Each structure stands twice: as structure tokens, then as C-alpha cells.
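The values are calculated or read from the model by the stated rules, or taken from the named source; none is laboratory data. As the structure is a computational prediction, the values presented were derived from the model and not from experiment. A quick note on method: Cβ atoms are made from the backbone with ideal geometry, for glycine too, and the neighbour counts reach across all protein chains shown.
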Amino acid sequence: MAKRIILGAVAVLLVIASAYASFYIAPEERTMGVIQRIFYFHVGSAWAGMDAFLVCFIANLLYVWRRQEKYDWLGVSSAEVGLVLTTVVLITGPIWAHPVWGIWWTWDARLTSTFVLWLLYVSYLLLRTLVEEQDRRALLSSLFGIFAFLDVPLVFGAIRWWRTQHPSPVIMGGQGSGLDPTMKKVFFFTVLAMNVFAGFLIVERYILEKLKHEVDILQREAEA
Amino acid sequence: MKNLDSVFAAYLIGWGVFFLFYLTIAKRTSDLRTEIERLRALLPRGK
């Protein structure tokens, strides 16, 4: 319990500090002005979301290999947190795009692959509600989760492999790309903060899943 | 400052979504703990 409180407090402090850094330490971008400050929150959430899906993918593989419930709990917890982070990405993106592009949305490779990713993980969670038997649900959703993760490299590569409305990458974008050094520091600090926050949510969600399992066992015992 | 309202909206909505998600987890966790206590009380001692 104390560890969870400490993790939660650290996560909250980090996200407050990252928001402060995004507004008061990072310099203002010359062409876009203040609206560019969404970048830190938008991309930070996107990276933390991808990391949550990576955790889900690893948990799904481990479940298929080891068939231990704890991996199923970790899979669903990280999928749900990744989905929430991706939802925030899909909300903050259009808010940033509208003043800059003049449109809220366009079906380019990056936006479409991100939307498909969101739909895949919604399907992952829906699938779990459709199968009653616990082991079968865990196996089917793990297999689907492994398939769903295939979209993550596509989202990452979309702005590298194809010409898109979405801006080219400023991190790991090759020659000619890059960020102002202070912007880069603030960006990586925000990514760290969002990942710690995502980790905290995954832990909380995992405990919920563990408690559900405990209720199932007690209900069976009470009925016996 | 131009577009400051959009930046404010993005942060507000984003953190609103995270906060709501955390609240639902906290509520469900609390309900399950209550349910566990109730079921434990139903079961014979030692279980």
C-alpha cells in the first residue's frame, strides 16, 4: 500500500513538473507559437501508450507460453491504460491540428493507423466481455493482443515511410530532423513523467483484476 | 496569446480523461474490497 502511494505521489509530481516545464521552460516554437506546447503532452501520451501496449504484448506472449493468470491480468491492465492514453492522443491531436492545418482530421497514414490501433484495443477489451470461461477468455484475448500489437510498428513507421499530413518525426527522424536542445530535454522529461504515470495506472488496474479473481474464488466457495 | 484556449482545452480534456479513468478504477476497487469482506463473513471461519 505504501509503495503504491509513493508511486502515485511521484507520478503526480512528475506530471505537474512536466506540465510546468512544457509551459515555462521550453521555448516557444517560431512558426506555430503557443499551440505547439500541446506537442509535449500529445507525443508524451502517445509514447507512454505505445509502451503500455508493449507491456500488454509481452504479457500476452507470456500468457500463451506459461498459461499463468497473472500475465492475463497484466495484459488487460496495460491494454486498458494504453487505450486511455491513445484516446487522449486522438483528442489532443485534432485540437492541435485545427489551428495549424485548418482541419480537425484527415485520413493520412499516421492518423489512420493510430485510429485503427485504438479500434484494435477496444476490440481486445470487447472480446474479453464475450467469452465467459476464464482460461479460454485469457487465451483468446492474448492471441488477439499479439495480433493487435502488429499495428504499433506501423504507427511508428507511418510518418517515416509515407508522406503524410502529420508532421515528420523530430525524434529518431534521421537527417534534417531534430529539436531545440531545451525542447528535447522537456520532451524526454515529459515522456518519463507520462510513463511513470502510466505505470502507476497499470499497477492500480492490475490490483483491481487481482481482486476480481479473489471475489470469483470466494463466490465459488460460498456457493459450494 | 493566440490559441492559448486550445492548449488549455487539450490539457484540461486530457487530464480529465485520466482523472475519470483513475476514479473508475478506485471505485471498482473499493466495491470489490467491500464484496470480499461480505463474502468472507459468509464463509465458515478458517477459510
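For the stretch A:168-178, what are the residues that are surrounded by 14 or more Cβ atoms within 10 Å (Cβ to Cβ), of a type outside the set (A, V, I, L, M) and free of Cβ contacts under 8 Å to residues at least 12 places away in the same chain?
Step one: of the stretch A:168-178, the residues surrounded by 14 or more Cβ atoms within 10 Å (Cβ to Cβ) are A:169-170, A:173.
Those left that are additionally of a type outside the set (A, V, I, L, M): A:169, A:173.
Answer for the stretch A:168-178, where residues must be surrounded by 14 or more Cβ atoms within 10 Å (Cβ to Cβ), of a type outside the set (A, V, I, L, M) and free of Cβ contacts under 8 Å to residues at least 12 places away in the same chain: just A:P169.
When you check B:L42 against the structure, is it touching a helix residue (DSSP H, G or I) at 6+ places or on another chain (Cβ under 6 Å), surrounded by fewer than 14 Cβ atoms within 10 Å (Cβ to Cβ) and within 7 Å of chain A (Cβ to nearest Cβ), yes or no? So B:L42 fits the description; yes.
A:R137 fulfils the conditions (1) under 19 Å from A:V64 (Cα atoms); (2) at pLDDT below 95 except for a single criterion, (2).
When the stretch B:1-34 is filtered for residues that are under 21 Å from A:S77 (Cα atoms) and in contact with a helix residue (DSSP H, G or I) (Cβ under 6 Å, 6 or more places away or on another chain), the ones remaining, listed by number, are B:G14, B:V17, B:F21, B:I25, B:R28, B:T29, B:L32. Among the residues of the stretch A:7-41, those that are more than 12 Å from A:M183 (Cα to Cα) and either in contact with a Cys (Cβ under 9 Å, 6 or more places away or on another chain) or not hydrophobic (A, V, I, L, M, F, W, C) (or both) comprise A:G8, A:Y20, A:R30, A:T31, A:G33.
Filtering the stretch A:126-143 to residues that are loosely packed, with under 12 Cβ neighbours inside 10 Å and not in a helix (DSSP H, G or I) leaves A:E132, A:E133. Out of A:V64, A:V15, A:V100, A:V84, one residue alone is within 23 Å of A:P169 (Cβ to Cβ) and part of a helix (DSSP H, G or I). It is A:V100. Residues that are hydrophobic (A, V, I, L, M, F, W, C) and over 15 Å from A:W47 (Cβ atoms) were ranked within the stretch A:144-157; the one that is surrounded by the fewest Cβ atoms within 10 Å (Cβ to Cβ) is A:L150.
Against the numbered list (1) surrounded by 16 or more Cβ atoms within 10 Å (Cβ to Cβ); (2) at positive phi; (3) among the basic types (K, R), A:R67 comes up short only at (1). In the set (1) in contact (Cβ under 8 Å) with a residue 40 or more places away in the chain; (2) over 30 Å from A:D216 (Cα atoms), A:G33 fails one condition alone, (1).
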